[in-house]
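What follows is a set of notes on a single structure, which appears directly below.
A short reminder: the numbers here are calculations on the coordinates, not readings from a lab. Keep in mind that this is a model prediction, so the values were computed, not measured. Note that each Cβ is placed from the backbone with ideal geometry, even for glycine, and that neighbours are counted across all protein chains shown.
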Amino acid sequence: MAHEEKIIDPITGAETTGHVWDETIREFNNPLPRWWLWAFYGTIIFTVVYFIMYPSWPTNLVEGGYMKGLKTITYKADSGEEVTTHWNTRALLAKAMQTDELELRRQEMVKTVAATSIDEIAADSDKSQFVLAYGKGIFGDYCAACHQAGGQGVIGHYPNLIDDAWLWGGDAADIETTIRKGRKGNMPAHSSSLSKTEITQVANYVLSLSGEQVSSADAEAGKGVFNTKGCSGCHTPTGVGMKALGSANLTDKIWTQAKVPSATDAAAKVAAVSAIVSGGIQREMPAWESRLSDDEIKVLVRYIKLLAQ
């Protein structure tokens, strides 16, 4: 077999592949730089080592459905017992939560804040800033989907948490109970127990309790209906509501269900309240004591109280 003759570029003297474009442009046959080759070989070695040491290839031949690797990690379970398992990001997070210096300082601050009263936190800028930062994360994860990011709620669906009007009580203990145990709000529909005229009259009376301009005749008639046909049993004869039942205060000009603030005229306001009286209210807030720790719940309470200030 004849030896292949090297093709040399006449100008530079460098070896070429023989490919020529436009009669002057030649493709050189230079070798790859050694540093590049060694870097390439290094990536191959790294890949093989990583493949062996860490979770990698999915397969049904081993338990769990993937190759778990040889590297292990040890952390403490909730019971306090040390657990050693193959390396994975969940175990890595668990270990970091138990050993990372900044995380340990954060946990200590959570405990401190949880044991501090609202008034003391409000007077301490460092604690207030921590509650607003840490509480915002908890609130965003668990509460904002219903109550909105700023706690302003959605009229007709979810209560406003920053207006200082609390159906189930607004002190720290009441709010903590609400978060822990959840709440079930229920106002029966009166479409079958009251006539349309009576519903309109009650709506006028309810609006009058908040100082709205209504028909005085309908409001007076509605007062009688309110006090004789079931409304005052929950909202009290004066309309201020009952914390034990979560019934709304009808005298504070704060509307959590009837879309009175967005109504354009008196008739629209009457219609908004009439819809609530007629259709009733059924809503539920879930209990969070199984999802949040005691300290997290306490920090969340303090965050909500700070928002309402």
Q. Leaving out same-chain residues fewer than 8 places away, which aspartates and glutamates sit with a Cα under 15 Å from that of Lys229?
A. Glu198, Glu220
(Q) On a straight-distance basis, which aspartates and glutamates could pair with Lys269 in a cross-link, Cα separation under 12 angstrom, same-chain partners fewer than 8 positions away excluded? (A) Glu212
Q. In this model, which of Lys111/Lys184; Lys136/Lys259; Lys76/Lys305; Lys223/Lys243; Lys253/Lys305; Lys127/Lys253 are farther than 26 Å apart at the alpha-carbon?
A. Lys111/Lys184; Lys136/Lys259; Lys76/Lys305; Lys127/Lys253
Q | Entry for Kirkwood radius over Cα pairs in Å (calculated from the structure that is shown) out of (i) 22.0; (ii) 19.4; (iii) 26.2 | A | (iii)
(Q) So for each of 169-177, 131-139 I average, over its residues, the number of other beta carbons within 10 Å; can you give me the resulting order with the highest mean first? (A) 131-139, 169-177
(Q) Report the Cα centroid-to-centroid distance between the range 17-66 and the range 267-309 in angstrom, as an integer. (A) 58 Å
Q) How high is the relative contact order of the range 36-99, in percent, counting Cα pairs under 8 Å that sit 6 or more residues apart? A) 22 percent
